[in-house]
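**Q** Questions regarding the structure given below will be posed in turn.
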Amino acid sequence: MSRTTARPVRRSQPQGPPSNRAADTARLFKTKNDLPHDTRVQAVELLSQRLADCIDLQSQCKQAHWNVKGPSFIALHKLFDEINEAVEDYVDLIAERIVQLGGVAEGTVRAVAAKSALIDYPLALSSGEEHVAALSDSLSQFGRTARIGIEEMNELEDADSADILTEVSRGVDKWLWFVEAHQQSRT
Ligand SMILES: [Fe+2]
C-alpha cells in the first residue's frame, strides 16, 4: 500500500494582498481633535486623493530630473530636483494631516498607482521641451485639484486642511511658473 506524501503546494503566482487591504477611510483612530467625526471622515477621504496625486507628482519630477536631455539640461535637471524636494514637503504636509484627523496615510507606490488621478507621465520623453510640457501639465492639473480641495475643506469647515492645501497650491503655482516660463511667449 503506497502512501502519499504531502508536498508543499507550489503557487504559480505570489500570494497577493487581501482585497480589503486598502484602509477603510470611514474607520478612524480615536483622537481628542475636536472636529466632528463626519467632518474628519470626509476630510480624510478628500485628502487621501490629494495625497495620491501629490506622490505621483513627486515621482514625475524625478522622472523628468533623471531623463531630461538637450541644451538646457543642467538648468532643467536642477530645477526638476528642486521641485521634487518641495513636492516631497507637500506630500508630508498632506499625509500628516490625514493622520492628525485619525486616518491612515496610504503612501505606498501600489496604493498611489491605483488612486492617482494625474495624467500618466510619458516614459519616452527626452528633450527639455517635452519634459517642460509634460511636467507643466501635471503641475497645472495638481494645482487645479488642490484649489478644488480648498473649497471642499472650507465647506467642511476644516480651516487647517484648507490652509495646508492653500500652502500647497501656492507653492505649486510658483513651480508651474518656473517650468512654464521655458516655453511661454506672447500669443
Ligand atoms: Fe539627482
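**Q** Just Asn33, Asn84, Asn67 to compare: in a GNM of the chain, with alpha carbon springs under 10 Å, which one fluctuates most?
**A** Per the Cα network of the chain with a 10 Å cutoff, Asn33 tops the list.
**Q** Using alpha-carbon pairs under 8 Å, 6+ residues apart, how would you state the relative contact order of the stretch 37-180 in percent?
**A** 32
**Q** What's the angle, to the nearest 10 degrees (0 to 90), between helix 37-67's Cα axis and the longest principal axis of the chain?
**A** It is inclined by approximately 70 degrees.
**Q** Who wins for biggest fluctuation among Ala95, Ala114, Ala146 in a Gaussian network model of the chain, springs between alpha carbons below 10 Å?
**A** Ala114
**Q** Tell me which trypsin sites (Lys or Arg not before Pro) from the stretch 122-187 have a DSSP coil assignment and no more than 11 other beta carbons within 10 Å of their own.
**A** Listed in order of number, the matching sites are Arg186.
**Q** I've got another one for you. Could you work out the helix-only [θ] at 222 nm for the chain, with each DSSP H run of four or more residues adding -39,500 (n - 2.57) and the total divided by the number of residues, to the nearest 500 deg cm²/dmol?
**A** So the calculated ellipticity at 222 nm is -22000 deg cm²/dmol.
**Q** Something else about it: When a footprinting reagent is the concern and you count Cβ atoms within 10 Å, what order do Tyr90, Tyr121 take, fewest first?
**A** Tyr121, Tyr90
**Q** With only Lys, Arg, Asp and Glu charged, each at its Cβ (+1 for the first two, -1 for the last two), find how big the charge dipole of the chain is about the Cα centre; round to the nearest 20 debye.
**A** Dipole size: approximately 1380 debye.
Taken together, the values in this text are just the output of simple stated rules run on the coordinates, not laboratory data. For clarity, every value in this text was computed on a predicted model and none was experimentally measured. Cβ atoms come from the backbone with ideal geometry, glycine included; neighbour counts cover every protein chain shown.
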